[in-house]
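Q: Following this message is one structure expressed as structure tokens.
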Amino acid sequence: MSNKVVNILVPIISIILGLIVGAIVMLVSGYDPVAGYIALWNGIFGDAYAVGETIRQISPYILAGLAVAFAFRTGLFNIGVEGQLMVGWFAAAYVGSTFELPMIIHLPLSLLAAAAAGALWGLIPGLLKATFRVHEVIVTIMMNYIALHTVNALIKAVSGGGYKTEKIHPTASLRSDFLSQLTDFSTLHYGIFVALAMVIVTWFILEKTKTGFELKSVGFNDHASQYAGMNVNKNIILSMVISGAFAGLGGAMEALGTFGNMTNRGGFTGIGFDGIAVALLGANSPLGVIFGASLFGSLKYGANNMPNAANIPLEIVSIVIALIIFFVASGYIIRVGLQRLAKKKEAK
Amino acid sequence: MSFLEVLYFIIPTTIAYAAPLIFTAIGGVFSERSGVVNIGLEGLMVMGAFVGIVFNLFFADTFGSWTPWVALLVAMLVSAAFSVMHAVASISFRADQVVSGVAINMLGIAIALFTVKMIYGKGQTDFIQEKIARINIPVLQDIPVIGPMFFKSVYGSSVLAILVAILAWFIIYKTPFGLRLRSVGEHPMAADTMGINVTKIRYIAVIISGGLAGIGGAVYSQTMTGDFGHATINGQGFMALAAMIFGKWHPIGAMAAALFFGFAQALAISAGSIDVEFIQKIPSVFFLILPYALTILALAGFIGKANAPKASGTPYIKGSR
């Protein structure tokens with residue numbers, strides 16, 4: 001079996017295994033897995049409204065996945081997407097609700113603010129990695145919690161002691177009457193086009209520019225890159241900043257599209273952590289991210305239909321997603337299994 | 001409140017908040033010392049908190065006032081079993097340890113909430129009747145000033161946490177097992193050459209970390225919240241991870257760091273009521289982010305150099321150089 005086939009088979013086998021174990025969990029807990037998965041399917045594709053909401057859910061997942069994948073290509077593990085997304089969400093909501101500008105300036109400015117806030121949150125771990133060789137995993141985890149508490153404090157400050165920011169002005173909104181009517185009045189908004197545009201931007205940076213070549217080169221081997229005359233530290237910082245900007249834009253999807261404001265949060269959104277799953281399943285390639293985001297975004301939104309339609313707690317889908325990550329991460333053993341299988345066939 | 005009254009309130013609160021962190025951080029020390037990064041501490045704590053509460057609710061009639069302690073034991077066993085997943089993935093299947101840990105975190109909260117909804121039909125459990133009791137330590141509580149601060153109405157679990165930290169120090173630094181544990185984390189190939197079973201030691205270490213994180217979670221839910229819901233464990237596992245790093249991968253250091261983080265949490269909830277103008281002026285958000293900010297500073301080398309075990313995070317593949 002060629003390497004390419006195996007690379008595609010590992011995620012597919014992981015998805016199937018995840019769904020099978022999920023079915024077993026449902027069976028053991030006394031639920032009907034068939035009814036469960038039918039409810040899930042209908043929750044995703046059941047009607048135009050469901051499809052619209054599913055696509056709406058996919059947009060932030062694409063951006064979160066891109067953020068993780070981009071840093072991965074430079075050899076960095078950005079667990080901080082969650083925090084970067086939250087500061088982006090707040091920045092977009094703040095700029096969108098505070099300023100009064102014509103749409104042609106206001107909307108791009110709000111998006112830019114979100115990207116800048118996320119980039120700033122990515123800059124800190126990047127700087128620490130480049131200057132002090134501090135491992136980015138721990139720093140980004142800590143930055144997540146700093147973001148959570150800081151954003152909550154900022155919401156309180158800008159709303160004069162309240163628990164949510166004011167609604168954004170229509171001039172900063174990504175909402176679209178056309179898309180909404182097309183999908184039976186779902187909250188589908190133009191964010192999906194922003195997300196897809198960023199996929200193309202990522203592909204362009206990584207595959208068609210000198211900067212992208214350097215970023216990937218540092219990811220493959222930083223010593224060799226240094227020897228070849230590249231500035232490794234600059235590339236590490238740049239990678240974290242771009243990654244953070246994508247995550248911040250993911251937050252803007254929620255602020256300017258779905259919710260129109262930001263409410264005080266007791267915990268994380270989960271989108272950032274799911275972004276790790278998205279990137280992992282998509283093998284850190286831009287096209288793979290679309291695939292991973294579509295799968296996990298659909299699962300996450302479709303799950304909302306399970307309690308009503310099949311009386312199954314929607315957490316079953318989180319269990320399935322976690323298991324898929326687990327199996328993809330354990331890809332080594334799947335590869336070994338596939339090779340054994342291939343050898344057996346040859347022997348026959 | 002006068003300054004002394006403040007201390008009488010702050011110090012017991014500090015210790016109460018610190019105890020779950022101490023258990024979990026010590027667990028982290030065992031795992032990382034053997035060379036396995038355990039980001040999954042949060043998920044393991046969630047599992048412990050969940051099992052502790054559910055067991056407590058079901059068996060309160062059977063065990064009476066001993067219920068919370070039996071619940072700790074059961075939580076330890078279940079979380080230890082759960083951590084085997086992380087061990088299998090990161091040791092035998094050579095998975096990326098961080099990714100596997102992230103999966104453990106997602107899985108822990110998902111399984112716990114799924115089961116809670118299955119049993120109770122709602123997002124959180126009922127409240128437990130048998131909480132971990134506060135005790136007065138005889139003789140020591142009569143010491144003037146210090147007595148009421150440290151030895152009056154403390155949770156038994158807090159005393160246990162400090163004993164576990166000392167025991168962990170003894171095991172890691174004074175026993176053959178501890179020496180093997182550290183050597184496997186620093187240079188697994190050298191350890192293997194000397195006849196140490198790297199895989200076995202790492203499995204044991206991860207399972208210990210799972211058990212201790214389970215106790216930590218169950219202590220938190222049975223002292224602080226009294227029920228289990230989606231936000232019961234909200235970052236305590238990551239804070240324990242931070243305490244382990246801030247404590248420089250040393251059991252006693254981790255305990256001290258956990259106590260300090262507990263102090264920051266106690267200040268965050270009580271800063272407004274303290275009659276010291278300087279503290280009142282500081283917004284509570286600064287106390288909330290203090291543990292995380294300090295950990296970043298510690299890692300950057302501003303507060304002494306923090307060095308991780310050398311082989312931490314890399315799977316050991318026999319025969320590879």
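Q: Out of the residues in the stretch A:269-284 meeting the condition of being aliphatic (A, V, I, L, M) and part of a helix (DSSP H, G or I), tell me which one is farthest from A:Gly80 (Cα to Cα).
A: Among them, the one singled out is A:Leu281.
Q: Under 6 Å between Cβ atoms, at least 6 apart or on separate chains: pull out the pairs that start in the stretch A:327-348 with a residue that is within 14 Å of another protein chain (Cβ to nearest Cβ) and end on any residue that is in a loop (DSSP other than H, G, I, E, B).
A: A:Ala329/B:Ala95; A:Ala329/B:Asp96; A:Ser330/B:Phe93; A:Ser330/B:Ala95; A:Tyr332/B:Phe93; A:Tyr332/B:Arg94; A:Ile333/B:Phe93
Q: Select, from A:Ala153, A:Ala157, A:Ala130, A:Ala147, the only residue that is over 17 Å from B:Val285 (Cβ atoms) and not β-branched (Val, Ile, Thr).
A: So the residue among A:Ala153, A:Ala157, A:Ala130, A:Ala147 that is over 17 Å from B:Val285 (Cβ atoms) and not β-branched (Val, Ile, Thr) is A:Ala130.
Q: Take the residues of the stretch B:217-237 that are of a type in the set (Gly, Ala, Ser) and farther than 18 Å from B:Ile111 by Cβ: which is farthest from the chain's Cα centre (by Cα)?
A: In this case the residue turns out to be B:Gly226.
Q: Just name the residue that is nearest to A:Arg56 (Cα to Cα) out of those in the stretch A:253-264 that are surrounded by fewer than 18 Cβ atoms within 10 Å (Cβ to Cβ) and out of contact with any Lys or Arg (no Cβ under 6 Å at 6 or more places or on another chain).
A: So, considering only residues that are surrounded by fewer than 18 Cβ atoms within 10 Å (Cβ to Cβ) and out of contact with any Lys or Arg (no Cβ under 6 Å at 6 or more places or on another chain), the one nearest to A:Arg56 (Cα to Cα) is A:Phe259.
Q: Restricted to the stretch B:112-129, and to residues that are part of a loop (DSSP other than H, G, I, E, B) and within 11 Å of another protein chain (Cβ to nearest Cβ), which residue is nearest to B:Arg202 (Cα to Cα)?
A: B:Gly123
Q: Only one residue in A:Gly297, A:Gly288, A:Gly270 is closer than 26 Å to A:Ile20 by Cβ, touching a Lys or Arg at 6+ places or on another chain (Cβ under 9 Å), away from every other protein chain (no Cβ under 14 Å) and touching a residue at least 60 places away in the same chain (Cβ under 8 Å). Which one?
A: A:Gly297
Q: Sort through B:Ile137, B:Ile109, B:Ile132 and tell me the only one that's more than 14 Å from chain A (Cβ to nearest Cβ), under 25 Å from the mean Cα position of the chain (by Cα) and closer than 26 Å to B:Gly27 by Cα.
A: B:Ile132 is the lone residue from the list that is more than 14 Å from chain A (Cβ to nearest Cβ), under 25 Å from the mean Cα position of the chain (by Cα) and closer than 26 Å to B:Gly27 by Cα.
Q: List the helices (runs of 4 or more DSSP H) inside the stretch B:1-110, counting only whole elements, that have at least 2 residues being touching a Pro at 6+ places or on another chain (Cβ under 6 Å).
A: B:3-33
Q: It is to be established whether one or more residues within the stretch B:57-80 are at pLDDT 95 or above and within 14 Å of chain A (Cβ to nearest Cβ).
A: Among the residues of the stretch B:57-80, not one is at pLDDT 95 or above and within 14 Å of chain A (Cβ to nearest Cβ), which makes the answer no.
Q: Separate question: Could you name every one of the helices (runs of 4 or more DSSP H) located completely within the stretch A:1-112 that has at least 2 residues being away from chain B (no Cβ under 14 Å), touching a residue at least 24 places away in the same chain (Cβ under 8 Å) and of a type in the set (S, T, N, Q)?
A: In the stretch A:1-112, the matching helices (runs of 4 or more DSSP H) lie at A:48-73, A:81-98.
Q: For the stretch B:205-257, name all the residues that are β-branched (Val, Ile, Thr), more than 14 Å from chain A (Cβ to nearest Cβ) and surrounded by 23 or more Cβ atoms within 10 Å (Cβ to Cβ).
A: B:Val206, B:Ile215, B:Val219
Q: Still on this structure, I have one more. If you go through the stretch A:240-248 one residue at a time, do you hit one that is closer than 23 Å to A:Asn152 by Cα and assigned to a strand (DSSP E or B)?
A: no
Q: From the residues in the stretch A:300-312 that are buried (at least 24 other Cβ atoms within 10 Å of the Cβ) and touching a Leu at 6+ places or on another chain (Cβ under 8 Å), which one is farthest from the other protein chains (Cβ to nearest Cβ)?
A: Ranking the qualifying residues of the stretch A:300-312, first place goes to A:Gly302.
The values are calculated or read from the model by the stated rules, or taken from the named source; none is laboratory data. What you are looking at is a predicted structure, and each value in this text was computed from that prediction instead of being measured. Neighbour counts are summed over all protein chains in view; Cβ atoms, including those assigned to glycine, are modelled from backbone coordinates with ideal geometry.
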